[in-house]
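Accompanying notes for the structure given below.
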Amino acid sequence: MIETVLGIEEHSFDMLIIDDNSPDGTGDIVDAIASREPRVNVLHRTGKLGLGTAYITGFKWALEQGYEFIIEMDADFSHPPRKLLELHEACAHQGADVAVGSRYLTGVNVVNWPMGRVLMSYYASAYVRIVTGLKVRDTTAGFVCYRREVLEAINLDSIEFKGYAFQIEMKFTAYRMGFKIKEVPIVFVNRVLGTSKMNSSIFGEAVFGVMKLRFEAIFGSKKFKRRDKQLTASK
């Protein structure tokens, strides 16, 4: 993944890898690459602290470093690396504040998932749209570009969910704040190695978390009010 992203010629992307004490030596491998490649960075954490907290850690680091566009993605090639260009283009030149790599914008573009997993994911996004009014076809997508203004406006410490509901909460918060969200179609290819982290507790968090977000919006939660900019660095 590092070699592929660094090899994209049309735009130079820097990379940050969050390593939650992986038992397979990932951290050591990335450290070795980062020592000779200035565009590669790594943050080590002590253990599995959740998907959401990993991304928030990365967001805060990117803001502190002065990046204008921050893209989250998986590192197992489920998200096609060359789509980084389209996500960046959507935010940099097409007026989007948030660009989502969408599996469901033009149908169901998922490869090598069991049918049950496809149906669960597809109808989960439909459920989110119905409950929240969020006008995004792929609400649980994890391939997303944010303008720094969005991440500055959101109180990242107020983001509650750590599993897949984190993806919903981030999009819904940006939507409630009035930021423009644009979807970019992608083909999602299931990983060749490794196993999904989806389990019943993560699924339950998403189901009940969506209802909680809706109630917070109805009763005017402060989390949906924009913060004053606290960081002014640019890059």
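The values are calculated or read from the model by the stated rules, or taken from the named source; none is laboratory data. Since the structure is predicted, the reported quantities are computational estimates derived from the model, not experimental observations. A quick note on method: Cβ atoms are made from the backbone with ideal geometry, for glycine too, and the neighbour counts reach across all protein chains shown.
Below, the figures for the structure above:
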{"read-out": "Any hit, the stretch 44-53, residues being charged (D, E, K, R) and at pLDDT 95 or above", "value": "no"}
{"read-out": "Matching residues, the stretch 59-87, being closer than 24 Å to D19 by Cβ and out of contact with any Leu (no Cβ under 9 Å at 6 or more places or on another chain)", "value": "Y67, E72, D74, A75, F77, S78, H79, P80, P81, K83, L84, L87"}
{"read-out": "Helices (runs of 4 or more DSSP H) within the stretch 22-140 that include 2 or more residues buried (at least 19 other Cβ atoms within 10 Å of the Cβ) and among the small types (G, A, S)", "value": "51-65, 115-132"}
{"read-out": "Residue under evaluation E86, criteria (1) closer than 30 Å to N155 by Cβ; (2) touching a residue at least 24 places away in the same chain (Cβ under 8 Å); (3) not assigned by TED's automatic domain parsing to the domain that holds K162, criterion not met", "value": "(3)"}
